[in-house]
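For reference, the structure discussed in these notes is given below.
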Amino acid sequence: MEEKFDAIVVGAGPAGTTAAYLLAKAGLNIILLERGDYPGTKNVFGGVLYSSVLNRLIPNFWEEAPVERHVSARQWYLLSPTDALSFGFQSQEFDSPPFNNSFTVLRSQFDRWYAAKAEEAGAFLITSTVVDDLLIEGERVVGVRARRDEGELYADVVIAADGVNSLLAQKAGFREELKPEAVALGIKEVIALPTAVLEERFHISGDRGLAMEFFGEGATKGLEGSAFLYTNKDSLSLGVTVVLKSLFEKKEKSVELVEHFKSHPVVKELIKGGELREYQAHLIPYGNRTLLTGLCRDGLLVVGDAAGLVNPTLYYEGTNMAMASGAMAAEAILAAREEGDFSQRSLSRYQQRLEQSFVGQDLTQYRGLGRLMEERPQLYTSYATLLCRLAAEFLAVREEPRGMRERAMAGRVQKEMPDLWEAWQTVRRWYET
Amino acid sequence: MEIADKLALNKFSVDTIPHLKIDQEKCHPCPHKNCTLVCPVSNYTQEGDRVVLSWEGCLECGTCRIACDQGSLQWQYPRGGFGIAYRLG
Ligand SMILES: Cc1cc2nc3c(=O)[nH]c(=O)nc-3n(C[C@H](O)[C@H](O)[C@H](O)COP(=O)(O)OP(=O)(O)OC[C@H]3O[C@@H](n4cnc5c(N)ncnc54)[C@H](O)[C@@H]3O)c2cc1C
């Protein structure tokens with residue numbers, strides 16, 4: 001007998017679980033399929049969960065969810081091979097609810113907790129199950145084929161929440177293979193450090209945490225990308241992310257990237273005495289992918305990383321976008337159900353809502369910045385190193401008039417960082433008028 | 001620390017059936033052999049004029065699939081419940 005559900009959700013990450021949770025809560029018969037032996041065992045991220053959507057769905061979720069620390073301070077570093085130039089921000093405001101909607105978490109714990117909430121709401125979670133294909137009749141997606149006995153499952157609508165590789169949409173011919181310039185590889189290590197040592201070293205206490213981002217040659221060996229270090233309760237999440245195009249072109253060995261970052265004098269001190277606990281790798285959608293198109297078909301919605309919804313500009317911001325898209329997909333499905341119409345036209349409400357929301361607006365706005373950065377590889381290679389050099393020059397104590405040095409420095413900026421010089425001139429003109 | 005030592009810390013449930021396969025005929029003419037560089041666990045190594053693959057330490061990231069532009073790599077996820085099982089992802 002063929003079984004039919006109201007909706008099938010593929011992938012129990014933040015996007016899929018959010019959709020399953022809301023649809024189950026609305027009383028629909030939902031099946032949530034996950035290939036890991038429990039939700040989270042296949043998942044890797046840097047470490048900061050952005051929880052504005054989650055806190056709306058489950059108010060004060062942090063009281064029961066497995067969170068590590070709330071992020072009350074942030075730092076950005078420019079690294080030359082030996083030096084570091086940094087700035088940071090911390091705020092007391094971030095220390096009270098909702099904690100600026102930023103918490104370090106470990107996905108193997110968080111995703112499991114969150115999927116259990118969807119189960120509590122009535123969703124039917126099936127783990128250890130890979131979905132290999134969409135079932136298509138004519139133009140319409142009618143179900144999925146899971147790699148198991150009696151694996152053909154049918155539903156009014158399927159939500160592809162299968163993450164960055166988005167194989168389902170690819171196989172069905174709805175999306176192309178990821179382009180090397182539109183995806184980054186993240187390699188991460190979790191390094192254990194006794195809580196007392198960690199808190200003293202990073203100047204944090206209680207549940208407070210710190211998030212650090214690193215750019216420049218010292219961080220990525222000159223590849224387009226960045227590095228990060230986030231504090232958990234008694235461990236650090238440290239990693240390097242690089243755009244695949246840049247990795248392929250520069251012929252760097254990716255196994256060496258994390259070692260290179262960890263050998264920087266500043267980073268070495270931060271992780272001193274730490275013990276490696278796990279080595280991880282995962283892809284990340286990177287900015288300038290053909291955006292917000294093809295996310296709806298007859299009987300199909302694509303959400304989260306599968307739809308490329310990550311803003312990689314300031315830091316990787318993907319979890320809240322995944323949850324927001326999952327929630328909007330659920331709303332569109334409820335509206336489609338009222339009309340008994342699951343066609344692309346009806347489901348495209350999802351796409352419209354997404355475009356109007358912070359997700360669509362941020363991704364569109366930052367796409368330009370992404371392109372600008374892509375066109376300037378020097379931002380990842382020489383700039384951080386040059387700025388460190390200038391700082392060293394500026395701070396050097398010697399018998400030499402400062403004015404002379406400053407003129408020489410301005411000359412170097414003008415010559416070696418023409419775009420930064422341009423920007424500086426614009427700011428100056430703006431102040432002078 | 002070598003990559004093998006790092007991987008020894010991870011929890012894997014290794015399947016006896018490989019989930020990745022190389023078609024040597026299509027792989028052979030590949031001018032760049034990028035897979036041997038980009039894989040974050042060095043699962044691809046060049047032995048003579050062949051690229052050989054070990055799937056046991058695969059983290060299922062997908063980088064090799066994108067790197068391979070010769071159509072010589074058959075890439076799929078391992079069977080449900082097999083492969084990497086992160087405890088601290
Ligand atoms: C190194 C790195 C650092 C990051 N840092 C941050 C950060 O600090 N903050 C932030 O907000 N975001 C960060 N991101 C991005 C963030 O992880 C993603 O945007 C987010 O996880 C997307 O959620 P999702 O539910 O769409 O996909 P995923 O979390 O990838 O979930 C997809 C789920 O589908 C399952 N699945 C996939 N295919 C199948 C299949 N065929 N059958 C069955 N199940 C399947 C997977 O096992 C997984 O559970 C980072 C990402 C990486 C890789």
message = Between A:Ala392 and A:Arg367, what is the label-point separation in nm under the 7 Å Cα-to-beta-carbon projection?
response = 4.1
query = Straight-line reach from B:Lys33: which aspartates and glutamates have a Cα under 14 Å away, not including same-chain ones fewer than 8 places off?
reply = A:Glu249, A:Glu252, B:Asp23, B:Glu25, B:Glu47, B:Asp49, B:Asp69
222 nm mean residue ellipticity, helices alone, for chain B (DSSP H n ≥ 4; -39,500 (n - 2.57); rounded to 500) = -3500 deg cm²/dmol
task = Could you tell me which helices of chain A pass both thresholds, a Cα extent of 30 Å or more along their own axis and a mean Kyte-Doolittle hydropathy of at least -0.5, with helices taken as whole DSSP H runs?
result = A:319-339
message = Just to confirm my numbers, what's the Cα centroid distance between the stretch A:33-56 and the stretch A:319-372 in Å?
response = 19
inquiry  = Place a point 7 Å from Cα of A:Glu177 in the direction of its Cβ. Which residues in the stretch B:74-89 have their backbone N less than 20 Å from it?
reply    = B:74-78
request  = Can you tell me which of A:155-165, A:305-315 comes out highest on packing, and rank the rest after it, using the mean Cβ neighbours within 10 Å?
outcome  = A:155-165, A:305-315
message = Could you tell me the extents of the stretch B:39-80's C-alpha atoms along the three principal axes, largest first, rounded to whole Å?
response = 34, 21, 17
ask   = Which one of A:Leu347, A:Leu276, A:Leu125 has the biggest mean-square fluctuation once chain A is modelled by GNM with Cα springs under 10 Å?
value = A:Leu276
note = When A:Val130, A:Val142 are ranked with the fewest other C-beta atoms within 10 Å first, the list becomes A:Val142, A:Val130
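Note the direction-averaged projected area, equal to a quarter of the hull surface, for the Cα convex hull of chain A, in nm².
Working: hull surface 96.0 nm².
Averaged projected area of chain A's Cα convex hull equals 24.0 nm².
Relative to 2.2 N^0.38 Å, what does the C-alpha radius of gyration of the stretch A:214-356 come to as a ratio? Two decimals please. Mind dumping the intermediate values first?
Details: Rg = 19.7 Å, N = 143, 2.2 N^0.38 = 14.5 Å.
Here the Cα radius of gyration is 1.36 times the empirical estimate.
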Shape metrics for the stretch A:377-432, restricted to C-alpha atoms - Rg then Dmax, Å = 12.6, 37
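I need A:Trp430, B:Trp75 ordered by Cβ neighbour count within 10 Å, fewest first. Before the final figure, lay out each step's value.
Values: A:Trp430 8, B:Trp75 16.
If I rank by nearby Cβ atoms, fewest first, I get A:Trp430, B:Trp75.
Going by how many other Cβ atoms sit within 10 Å of their own, how do B:Lys33, A:Lys415 line up, fewest first? Don't skip to the end; give the middle numbers.
Values: B:Lys33 16, A:Lys415 9.
The most exposed by this proxy come first: A:Lys415, B:Lys33.
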ask   = Can you give the Rg and Dmax of the stretch B:3-79 based on its C-alpha atoms, in angstrom?
value = 12.3, 36
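Once you have the Cα-Cα distance between A:Glu375 and A:Ala335, take 0.36 nm times their residue separation minus that, and quote the gain in nm to one decimal. Before the final figure, lay out each step's value.
Numbers: separation 40, 0.36 × 40 = 14.40 nm, distance 4.24 nm.
Full extension from A:Glu375 to A:Ala335 adds 10.2 nm.
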Computed label-point distance, nm, for sites A:Lys250 and B:Gln46 using a 7 Å Cα→Cβ extension = 2.1
query = Plugging the Kirkwood radius over Cα pairs into Stokes-Einstein for the stretch A:181-285, at a temperature of 25 °C and a viscosity of 0.890 mPa s, what D comes out in µm²/s?
reply = 174
task = Quote the FRET efficiency, to the nearest 0.05, computed for A:Ile126 versus A:Tyr431 with a Förster distance R0 of 41 Å and r equal to the Cβ-Cβ distance.
result = 0.10
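With Kirkwood's inverse mean 1/r over C-alpha pairs for Rh, give me the Rg to Rh ratio of the stretch A:35-165, two decimals please. Don't skip to the answer; put the middle values down first.
On the way: Rg = 19.8 Å, Rh = 18.0 Å.
My calculation puts Rg/Rh at 1.10.
Among A:13-20, A:339-346, how do they line up from the highest to the lowest mean number of other beta-carbon atoms within 10 Å?
A:13-20, A:339-346
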message = Springs between alpha-carbon pairs under 10 angstrom, Gaussian network model over chain A: which of A:Thr231, A:Thr220, A:Thr293 fluctuates most?
response = A:Thr293
remark   = The FRET efficiency for B:Trp55 and B:Lys26, from their Cβ-Cβ distance with R0 = 22 Å and rounded to 0.05, is 0.75
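So which of A:Lys188/A:Lys272; A:Lys268/B:Lys6; A:Lys188/A:Lys268; A:Lys171/B:Lys6; A:Lys179/A:Lys262; A:Lys245/A:Lys272 end up more than 22 Å apart by C-alpha?
On the way: A:Lys188/A:Lys272 17 Å; A:Lys268/B:Lys6 18 Å; A:Lys188/A:Lys268 16 Å; A:Lys171/B:Lys6 33 Å; A:Lys179/A:Lys262 29 Å; A:Lys245/A:Lys272 33 Å.
Pairs exceeding the cut-off: A:Lys171/B:Lys6; A:Lys179/A:Lys262; A:Lys245/A:Lys272.
Every number here is computed from the coordinates shown, using simple stated rules; none is lab data. In this text the structure is predicted, and so the values were computed from the model without any measurement. Positions of Cβ are backbone-derived with ideal geometry, glycine not excepted, and every protein chain shown enters the neighbour counts.
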